[in-house]
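Q: Dropping a structure here in C-alpha coordinates format, bear with me for questions.
The values are calculated or read from the model by the stated rules, or taken from the named source; none is laboratory data. Note that the structure is predicted; figures quoted are calculated from it, not measured. Every residue, glycine as well, gets a Cβ built from its backbone with ideal geometry; the counts of neighbours run over all protein chains shown. All accessible areas refer to the heavy atoms of the entire protein, side chains included, with ligands and DNA or RNA removed. Shrake-Rupley method; radii C 1.70, N 1.55, O 1.52, S 1.80 Å.
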Amino acid sequence: MSCVRTKSQEETVQLGARLGRLLRPGDFVALVGELGAGKTQFAKGIALGLEVDPETPVTSPTYTILNIYEGRIPLYHFDLYRLEGAQDVEALGFEEYFSGDGACVVEWAERLEDELPADLLTVTLNHAGVDERSVCFEAAGPRGRSLADALLAQRPA
(Lines give C-alpha, C1' and ligand atoms only; values in the text may rest on other atoms or scores of the structure.)
Protein backbone atom coordinates (compact mmCIF):
# COMPACT_ATOMS: atom_id res chain seq x y z
CA MET A 1 0.00 0.00 0.00
CA SER A 2 1.30 3.44 -0.93
CA CYS A 3 0.00 6.68 0.54
CA VAL A 4 0.16 10.36 -0.33
CA ARG A 5 -1.10 13.40 1.56
CA THR A 6 -3.24 16.13 0.10
CA LYS A 7 -3.26 19.48 1.86
CA SER A 8 -6.56 20.86 0.53
CA GLN A 9 -9.82 19.86 -1.09
CA GLU A 10 -8.40 21.13 -4.40
CA GLU A 11 -5.37 18.81 -4.10
CA THR A 12 -7.70 15.86 -3.39
CA VAL A 13 -9.70 16.70 -6.52
CA GLN A 14 -6.49 17.06 -8.58
CA LEU A 15 -5.21 13.69 -7.38
CA GLY A 16 -8.52 12.17 -8.49
CA ALA A 17 -8.15 13.91 -11.87
CA ARG A 18 -4.71 12.34 -12.32
CA LEU A 19 -6.29 8.91 -11.78
CA GLY A 20 -9.22 9.74 -14.07
CA ARG A 21 -6.85 10.45 -16.96
CA LEU A 22 -5.51 6.89 -16.61
CA LEU A 23 -8.83 5.04 -16.50
CA ARG A 24 -10.04 2.78 -19.29
CA PRO A 25 -13.27 0.86 -19.86
CA GLY A 26 -13.70 -1.91 -17.30
CA ASP A 27 -11.56 -0.26 -14.61
CA PHE A 28 -12.90 -0.45 -11.05
CA VAL A 29 -11.95 2.03 -8.33
CA ALA A 30 -13.13 1.26 -4.79
CA LEU A 31 -13.35 4.33 -2.55
CA VAL A 32 -13.16 3.66 1.17
CA GLY A 33 -13.22 6.07 4.11
CA GLU A 34 -15.43 7.47 6.82
CA LEU A 35 -18.08 10.12 6.22
CA GLY A 36 -16.49 13.39 5.11
CA ALA A 37 -13.13 11.81 4.30
CA GLY A 38 -13.14 13.15 0.72
CA LYS A 39 -14.49 10.23 -1.33
CA THR A 40 -16.87 12.42 -3.34
CA GLN A 41 -14.21 15.10 -3.88
CA PHE A 42 -11.87 12.41 -5.19
CA ALA A 43 -14.69 11.16 -7.47
CA LYS A 44 -15.18 14.74 -8.75
CA GLY A 45 -11.53 14.73 -9.71
CA ILE A 46 -11.88 11.40 -11.49
CA ALA A 47 -14.76 12.90 -13.49
CA LEU A 48 -12.54 15.83 -14.49
CA GLY A 49 -9.81 13.42 -15.58
CA LEU A 50 -12.35 11.51 -17.65
CA GLU A 51 -13.29 14.78 -19.38
CA VAL A 52 -16.81 14.97 -17.96
CA ASP A 53 -18.10 18.49 -18.65
CA PRO A 54 -16.76 20.61 -15.75
CA GLU A 55 -20.17 22.34 -15.56
CA THR A 56 -21.80 18.98 -14.69
CA PRO A 57 -22.25 18.73 -10.93
CA VAL A 58 -20.70 15.52 -9.64
CA THR A 59 -22.46 14.66 -6.42
CA SER A 60 -22.63 11.64 -4.19
CA PRO A 61 -25.44 9.39 -5.45
CA THR A 62 -26.43 8.42 -1.90
CA TYR A 63 -30.15 8.26 -2.62
CA THR A 64 -30.05 7.21 -6.27
CA ILE A 65 -27.11 4.81 -5.69
CA LEU A 66 -25.78 5.34 -9.24
CA ASN A 67 -25.00 8.42 -11.32
CA ILE A 68 -23.73 8.05 -14.87
CA TYR A 69 -21.56 10.81 -16.33
CA GLU A 70 -20.54 11.00 -19.98
CA GLY A 71 -16.93 11.85 -20.69
CA ARG A 72 -14.07 10.30 -22.65
CA ILE A 73 -15.63 7.05 -21.41
CA PRO A 74 -18.72 6.72 -19.19
CA LEU A 75 -18.20 7.13 -15.46
CA TYR A 76 -20.42 4.91 -13.32
CA HIS A 77 -20.37 6.56 -9.90
CA PHE A 78 -21.91 4.42 -7.16
CA ASP A 79 -22.56 5.25 -3.52
CA LEU A 80 -23.41 2.14 -1.50
CA TYR A 81 -23.76 3.90 1.86
CA ARG A 82 -27.45 3.03 2.20
CA LEU A 83 -27.09 -0.61 1.17
CA GLU A 84 -26.79 -3.43 3.67
CA GLY A 85 -24.32 -5.52 1.70
CA ALA A 86 -23.43 -7.27 -1.53
CA GLN A 87 -26.82 -8.99 -1.78
CA ASP A 88 -28.48 -5.57 -2.21
CA VAL A 89 -26.21 -4.74 -5.14
CA GLU A 90 -26.86 -8.14 -6.67
CA ALA A 91 -30.62 -7.64 -6.33
CA LEU A 92 -30.37 -4.26 -8.10
CA GLY A 93 -28.36 -5.71 -10.99
CA PHE A 94 -25.50 -3.21 -10.88
CA GLU A 95 -22.78 -5.81 -11.44
CA GLU A 96 -23.32 -5.43 -15.21
CA TYR A 97 -21.62 -2.03 -14.92
CA PHE A 98 -18.58 -3.46 -13.12
CA SER A 99 -16.94 -4.67 -16.31
CA GLY A 100 -18.81 -2.58 -18.85
CA ASP A 101 -17.81 0.09 -21.33
CA GLY A 102 -17.01 2.68 -18.67
CA ALA A 103 -15.08 3.02 -15.43
CA CYS A 104 -16.72 2.25 -12.07
CA VAL A 105 -16.02 4.41 -9.04
CA VAL A 106 -17.73 2.99 -5.97
CA GLU A 107 -18.00 4.88 -2.67
CA TRP A 108 -18.42 2.61 0.35
CA ALA A 109 -17.14 -0.27 -1.81
CA GLU A 110 -16.42 -2.38 1.26
CA ARG A 111 -20.18 -3.08 1.34
CA LEU A 112 -19.69 -5.27 -1.73
CA GLU A 113 -17.78 -7.72 0.47
CA ASP A 114 -16.79 -10.76 -1.61
CA GLU A 115 -18.46 -9.32 -4.73
CA LEU A 116 -15.60 -6.90 -5.38
CA PRO A 117 -13.85 -7.63 -8.66
CA ALA A 118 -10.47 -9.34 -8.42
CA ASP A 119 -8.78 -6.59 -10.46
CA LEU A 120 -9.24 -3.17 -8.89
CA LEU A 121 -7.64 -0.17 -7.26
CA THR A 122 -8.76 0.55 -3.70
CA VAL A 123 -8.36 4.17 -2.60
CA THR A 124 -8.68 4.76 1.14
CA LEU A 125 -9.13 8.37 2.28
CA ASN A 126 -8.64 9.45 5.89
CA HIS A 127 -8.68 12.78 7.70
CA ALA A 128 -5.15 14.02 8.37
CA GLY A 129 -6.05 17.54 9.51
CA VAL A 130 -8.78 20.09 8.85
CA ASP A 131 -8.38 20.06 5.06
CA GLU A 132 -5.62 17.46 4.78
CA ARG A 133 -6.23 13.89 3.73
CA SER A 134 -4.16 10.75 3.70
CA VAL A 135 -4.91 8.94 0.43
CA CYS A 136 -3.72 5.34 0.25
CA PHE A 137 -3.71 3.08 -2.80
CA GLU A 138 -3.93 -0.69 -2.67
CA ALA A 139 -3.92 -2.57 -5.96
CA ALA A 140 -5.25 -6.01 -6.78
CA GLY A 141 -4.78 -7.71 -10.12
CA PRO A 142 -2.63 -6.63 -13.06
CA ARG A 143 -4.75 -3.63 -14.10
CA GLY A 144 -5.06 -2.41 -10.51
CA ARG A 145 -1.28 -2.59 -10.11
CA SER A 146 -0.77 -0.83 -13.44
CA LEU A 147 -3.07 2.03 -12.37
CA ALA A 148 -1.37 2.40 -8.99
CA ASP A 149 2.11 2.35 -10.51
CA ALA A 150 1.21 4.91 -13.21
CA LEU A 151 -0.54 7.20 -10.74
CA LEU A 152 2.24 7.15 -8.18
CA ALA A 153 4.89 7.68 -10.89
CA GLN A 154 3.25 10.96 -11.97
CA ARG A 155 4.22 14.24 -10.52
CA PRO A 156 1.35 16.49 -9.41
CA ALA A 157 0.07 18.68 -12.25
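Q: What ranking of Asp27, Asp149, Asp119, Asp53 comes out by heavy-atom accessible area, probe 1.4 Å, highest first?
A: Largest to smallest exposure gives the sequence Asp149, Asp53, Asp119, Asp27.
Q: At a probe size of 1.4 Å, how large is the accessible area of Val4, to the nearest 10 Å²?
A: About 50 Å², ignoring ligands and nucleic acids.
Q: When all protein chains stay in place, what accessible area (Å², nearest 10, 1.4 Å probe) is found for Lys7?
A: Accessible area of Lys7: about 130 Å².
Q: Can you work out the accessible area per residue across the chain, with the rest of the protein chains kept in place, probe 1.4 Å, in square angstrom?
A: Accessible surface, normalised per residue, equals 49 Å².
Q: Within the chain, which cysteines find no other Cys whose Cβ is under 4.7 angstrom from their own?
A: Singleton cysteines: Cys104.
Q: Hey, another quick one. Under the definition of Cα pairs under 8 Å and six or more residues apart, what whole-number percent is the relative contact order of region 1-156?
A: After rounding, I find 32 percent.
Q: Extending each Cα 7 Å along its Cβ direction at Glu138 and Leu66, get the distance between those two points in nm, one decimal.
A: 2.6
Q: Among DSSP beta bridges whose residues both lie in the chain, state the antiparallel percentage, nearest 5.
A: 55
Q: Using each residue's phi in region 107-114, evaluate 6.51 cos²θ - 1.76 cosθ + 1.60 at θ = phi - 60° and report the 3J(HN,Hα) Karplus result to the nearest Hz, with x for Gly and Pro.
A: 7, 6, 4, 4, 6, 6, 6, 6
Q: Another question about this same structure. Taking R0 as 35 Å, what's the FRET efficiency between Ala91 and Leu152 from their Cβ-Cβ distance, rounded to 0.05?
A: Given R0 = 35 Å and the Cβ-Cβ separation, E is 0.45.
Q: Let me ask something additional. Under unit Cβ charges (Lys, Arg +1; Asp, Glu -1), what dipole magnitude, rounded to 20 debye, does the chain have relative to its Cα centre?
A: Around 740 debye, computed over the chain.
Q: Another one. For Glu107, Glu113, give me the order by solvent-accessible area with a 1.4 Å probe, most accessible first, ignoring ligands, DNA and RNA.
A: Largest to smallest exposure gives the sequence Glu113, Glu107.
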